[in-house]
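**Q** Submitted below is the structure of interest, expressed as structure tokens.
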Amino acid sequence: MEDETTAPGDPPVGMNRFQFERTPTIPTADEILDVSFRRAAKKRREKRNKDRANEEFVRAVTASVHDRLVSILQRFPDLDSLPPFYQHMVEILYGIDRMKKALGAIGWAAWHVREKGYSIASTMRRADDVADERRRAVARIASIVHQIDPELRFLNDARNVLRKLPHVSDEFTIVVAGYPNVGKSSFIRAVSSAAPEVAAYPFTTKGVIIGHRMTPEGRIQLVDTPGILDRPAEERNPIERQALAALMDIADVCLFIIDPSEHCGFSLEEQRRLLDEIRSLVTVPVIVTCSKADIVRRCEGLAMSTATGEGVNAVLEALLAHRSETGQCGIPSDSMQ
């Protein structure tokens, strides 16, 4: 087994997900205003002419608030350019339209802060009470920014969750499905050259497990489906179903593992039903294998034991054969005795 280290010049693992990781914390309205007021006040103290100092204060506050709002927009990921998996995740968790509306509100505020602030600043020299005009400008700018405080908090909450989505690379991907304790994680560990990455995931406390392996044709990615499979299909809510479908967006081939010994705690009938559901969700080949061959053999065709290593390479070879193939493939569920 070759080392999984990425070669020099290769794109980083999870580069699409990193769009959210690189997004800085989005400040609240008060945080934006506090920083802007402090910096503007420092510049104001440096001015000897009080009237000019008040005008410069308003201009400085306007520029600082405007630039901070624009920076949020510039550094937030372009939702339309995200790969399908991440677009599905955003839609499931928050709604793409809802997020675009929040970003639009920030753009609205940036424009109005600039227009109102500079408009007041340009008339301050002719005003009877310059200090009063300064207070009016500050109040108007603060009012505009506070109007979008809920949107700022919403986007920051979204950023905190989306940055924890699993690292998904643009490479040949095997999605491993099946009920808990059938051997999914054990298979990934058996064919990966390093301990799989465990990524936090919004739909389960168990997380998504991702492993990698180098092959002569390049690196492959193996993804363990999350705990949304832990309960029967009829008990899952629409969000869980969408999450599973989104996870399948990244699959080039799906490995479905069945435990014929039923030591996993689920009957063969339940496992077959889940297999049927997976097949209805994906358009990629589905390879079916039976695990725990060292305990019991009740499966024709592919069988393996991650405990002894029997059949593991054969399963991996069957999966890799689909790098350049299309169509459905696998052992029919009724072939199990």
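The values are calculated or read from the model by the stated rules, or taken from the named source; none is laboratory data. Remember, it's a predicted structure, so these values are computed and weren't measured experimentally. Positions of Cβ are generated from backbone atoms using ideal geometry, with glycine treated the same way; all protein chains shown enter the neighbour counts.
**Q** Is there any pair with a first residue in segment 261-277 that is at pLDDT below 90 and a second that is crowded, with 20+ Cβ neighbours inside 10 Å and among the basic types (Lys, Arg) whose Cβ atoms are under 9 Å apart and which are 6 or more apart or on different chains, and what are they?
**A** Sorted first by the residue in segment 261-277, then by its partner, the pairs are SER261/LYS292; HIS263/LYS292; CYS264/LYS292.
**Q** Only one residue in ILE32, ILE120, ILE26 is aliphatic (A, V, I, L, M), assigned to a helix (DSSP H, G or I) and either closer than 30 Å to VAL168 by Cα or modelled with pLDDT of 95 or more (or both). Which one?
**A** Just one listed residue meets the conditions, ILE32.
**Q** Let me ask something else. State the number of residues belonging to segment 148-182 that are of a type in the set (A, V, I, L, M) and not in a loop (DSSP other than H, G, I, E, B).
**A** Going through segment 148-182 one residue at a time, the tally reaches 9.
**Q** In segment 72-95, which residues are surrounded by 15 or more Cβ atoms within 10 Å (Cβ to Cβ) and part of a helix (DSSP H, G or I)?
**A** Passing the criteria: ILE72, LEU79, PHE85, TYR86, GLN87, HIS88, MET89, VAL90, GLU91, ILE92, LEU93.
**Q** Which pairs turn up if I take residues in segment 157-178 that are without any contact (Cβ under 8 Å) to a residue 60 or more places away in the chain and within 26 Å of THR215 (Cβ to Cβ) and look for partners that are of a type outside the set (Gly, Ala, Ser) and part of a strand (DSSP E or B) with beta carbon separation below 8 Å, at least 6 apart in sequence or on another chain?
**A** Pairs found: GLU171/ARG219; GLU171/ILE220; GLU171/GLN221.
**Q** Give the residues of segment 267-321 that are assigned to a helix (DSSP H, G or I) and among the charged types (D, E, K, R), sorted by residue number.
**A** GLU269, GLU270, ARG272, ARG273, ASP276, GLU277, ARG279, GLU317
**Q** Restricted to segment 232-280, and to residues that are of a type in the set (S, T, N, Q) and either under 21 Å from the mean Cα position of the chain (by Cα) or within 24 Å of LEU165 (Cβ to Cβ) (or both), which residue is surrounded by the most Cβ atoms within 10 Å (Cβ to Cβ)?
**A** Going through the qualifying residues, I end up with GLN242.
**Q** Follow-up. Would you check if SER291 is free of Cβ contacts under 8 Å to residues at least 40 places away in the same chain and more than 23 Å from the chain's Cα centre (by Cα)?
**A** Criteria not met by SER291.
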